[in-house]
Every structure is written in structure tokens, then in C-alpha cells.
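In what follows, a structure is listed as C-alpha cells, so that the remarks can point back to it.
The values are calculated or read from the model by the stated rules, or taken from the named source; none is laboratory data. Since we're looking at a predicted model, the values are computed, not measured. Cβ: placed from backbone, ideal geometry, glycine included. Neighbour counts: every protein chain shown. To get the accessible areas, we keep the full protein, side chains included, count just its heavy atoms, and leave off ligands, DNA and RNA. Shrake-Rupley method; radii C 1.70, N 1.55, O 1.52, S 1.80 Å.
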Amino acid sequence: MRRLAALLIALVFVAVPAAAKDLPPPAETIDLWSGSPPPGSGKPAGPEKIGKEGAATGAYWNITQPRMEIYRPANPNGAAVLVIGGGGYFRIQIGSAAKPIAERLMRRGITAIVLYYRLPGDGWNDDAPFQDGQRAMRMLRYGATRFGIDPARLGVIGFSAGGHLAGMLATRGGHDFYPKRDAIDAQSAIPAFAGMIYPVVSLRAPIDTTRTFKELSGLPDFVNAFSVEAQVGPATPPVFLAHAADDPIADVEHSLRMFAAMRAARRPVEMHIFETGGHSFGVGKPGTLVAAWPRLFLTWLEAQGVIKREEKD
């Protein structure tokens, strides 16, 4: 009986996200640090790995070559989104989160860029994810003409720890996480907007219980400097938040703190809290409450003037 009860609890909290069924191969894959070693130190012990079982299915880790995959829609409208999967900075949920939302974005003519970033959990320096995220944003702006994107409509969306990285780019993208190397690094890394989906936001008590907290704990003043809500200011770009109230991994308080900080700074913010959904639900299993968030996000992008209004996504 106890085993049955435990199974039922697990079914409540472990989300089963939809997979990307119709996502074509990327138009191109671009190394972030081509021709030179990335900044920082450390490296993974062994080759890149892809999870095939349980919660790790479709996740990547042991990232040896940080890179981004460019997914171009058939009829691009100039808008673009850097997509950042989560995984507590020890793996990246590509198959269950990043690629499914990339597919949804492409349906609306948005160029989607999936980021494969270095992870502290792999042995890289603790601030490696922020270096890679910043470099990716700068590369996209530098090559905007070649990529067919409008730099003024280049945003970011992240899930869980990827939501933390997205939030850091939105609030501290103007801070150099690595010494500038070339003309690419003269570009701004601040996104025009940020989507944060079941994000880790704060490293402050009492919600300092995430794997993100552990993986960033070696950084100076990490609790304050890497709590996203503490970095919100008068220039923070618009933010979209989606979270489940029953999230057992990243407490819903994370999104509530971000919403409160944005409101206090009088910055544009929209938040959707769903009664159920757990954590790591990706784009949401059809028929669940959380499956509504991708459409809400696209409607929000319409309201922000990023894409034109359409009756269907």
C-alpha cells in the first residue's frame, strides 16, 4: 500500500513533457568559441553524453564544445529566441524542453536558437554557463544580417536552471562574464525580452534548496550576485513567467519573487501560475493545465510587438 501511495505521488509531481515531433534538422550549428579555448577552466571527464532513461531522457551533459543550433522557419519574420534548456547546471534538457518550444516558435515564423552550454556539474568553472549565454547573444547580434534576424526582436527563453540563465542575461547581460576577445564582444548580450519557465530565480533562503544553488556556490557573493530578483533594475527587459503551484523542485516562490521585483522596478511583466503541473513539464502534456503556457507566451510576444497577431499559432 505504501509503495502504491509513493507511486501515485510520483505521478503527480513528475511531468511528462511533449517531445518535438516535427522539428527539422538545424540549418547550421555554430561553435561559440571557434578557434580558441573557451574562457575559464576545467573540462568534462569523457565525451558528451545523452540521457536515454527516466528524467535524463533527451538531456545532454559533458558538454565539450559549447555551441548553438539555428532553426530557421520556412517563413521567418525576423524575430528570434535563444532557447536554454534546464537541468540544475549539471545537464541540459534538450529533447524534452528546448526542442519542443523551438518547434512551436518556428510555427510562428520565429527563428529558434538552441544553446548547448558548459556546465559546472561537468567540471567547468562555475560561471561558464553565463559566459556561453553571453557569447551566444553577442554572436547572434553580430551576425543578425546573416541569420536573417532583427536584433531589436532577439529574446531568450529558459527552463528551470535555464530560466535562471535567461534571467541573468536579462538583468546582468551588460556585465562582462569574460574578457572581451573580438568584435563580436562589442555587441550587447541583453535580450529584448525574456521568458522564464518554472525558473530557478533566487539563491536566497528559504528557497535555496535547488541544484543550481549547489553548482554556483563557488562564485564570489553568489547568493546575492546570482539571485536574479536582486538584479532587476529600471532597464530590465519585459519578462514572461510560467510556473506550477505544486512544483517540488523550484518552489513557485521563485517566480513570485521575480514578479514582485519587476513590479517594484515598474518593468513590464506577465506571470501565469498553474494549479498543477509539477516541475520540468516542458511545453506541457496535451490536456494538462500547463500546456496552455506556449500559446500564452506567443500572445504575450504579440502584445510586446515582437510578432504580428494571428488567430492561430
Given a 1.4 angstrom probe, what's the average accessible area per residue across the chain, in square angstrom? 42 Å²
Under 4 °C and 1.567 mPa s, how fast does segment 54-132 diffuse according to Stokes-Einstein, given a Kirkwood radius computed over C-alpha pairs? Answer in µm²/s, whole number. 100 µm²/s
Any chance you could check the Cα centroid distance between segment 229-303 and segment 95-146 for me, in angstrom? 19 Å
Residues whose modelled amide H sits under 5 Å from the amide H of G88, counting only those 5 or more places away in sequence or on another chain, are A161, G162
Rounded to the nearest whole number, the Stokes-Einstein translational diffusion coefficient of segment 144-248 at 20 °C and 1.002 mPa s (Kirkwood radius, C-alpha pairs) in µm²/s is 145 µm²/s
From the P(r) of segment 19-165, could you give the percentage of C-alpha pairs in the tail past 22 Å? 34 percent
Using a cut-off of 19 Å between alpha-carbon atoms, which aspartates and glutamates can reach K285, once sequence neighbours fewer than 8 places away in the same chain are excluded? D22, E53, E103, D246, D247, E275, D313
Set the Förster distance to 35 Å, then compute FRET efficiency between A292 and T57 from the Cβ-Cβ distance, nearest 0.05. 0.90
Under a plain spin-label model, where a point goes 7 Å from the Cα along Cα-to-Cβ, how far apart in nm are K49 and E253? 3.2 nm
Please check the chain for the longest run free of trypsin sites (Lys or Arg not before Pro) that are loop-located per DSSP (anything but H, G, I, E, B) and have at most 10 other Cβ atoms within 10 Å. 53-179
Charges at C-beta only: +1 for Lys and Arg, -1 for Asp and Glu. How large is the resulting dipole of segment 104-208 about its Cα centre, in Debye rounded to 20? 480 debye
With a 1.4 Å probe and all protein chains left in place, how much of the accessible area of the chain comes from carbon and sulfur atoms, in whole percent? 55 percent
Note to self: Kirkwood Rh of segment 94-205, Cα pairs, one decimal, Å, is 14.6 Å
Work out the P(r) tail for segment 185-242: percent of alpha carbon pairs separated by more than 18 Å, whole number. 44 percent
Let me check the size of the chain from its C-alpha atoms; what are the radius of gyration and Dmax in Å? 18.0, 64
For an R0 of 25 angstrom, estimate the FRET efficiency from the Cβ-Cβ distance between D246 and D208 and round to the nearest 0.05. 0.80
Heavy atoms of the protein only, probe of 1.4 Å, neighbouring chains included. What is the accessible area of Y60 in Å², nearest 10? 40 Å²
In straight Cα distance, which aspartates and glutamates are under 13 Å from K180, not counting same-chain residues fewer than 8 positions off? D132
Please give the calculated 222 nm ellipticity per residue for the chain, where each DSSP H segment of at least 4 residues contributes -39500 (n - 2.57) and the sum is spread over every residue; nearest 500 deg cm²/dmol? -7500 deg cm²/dmol
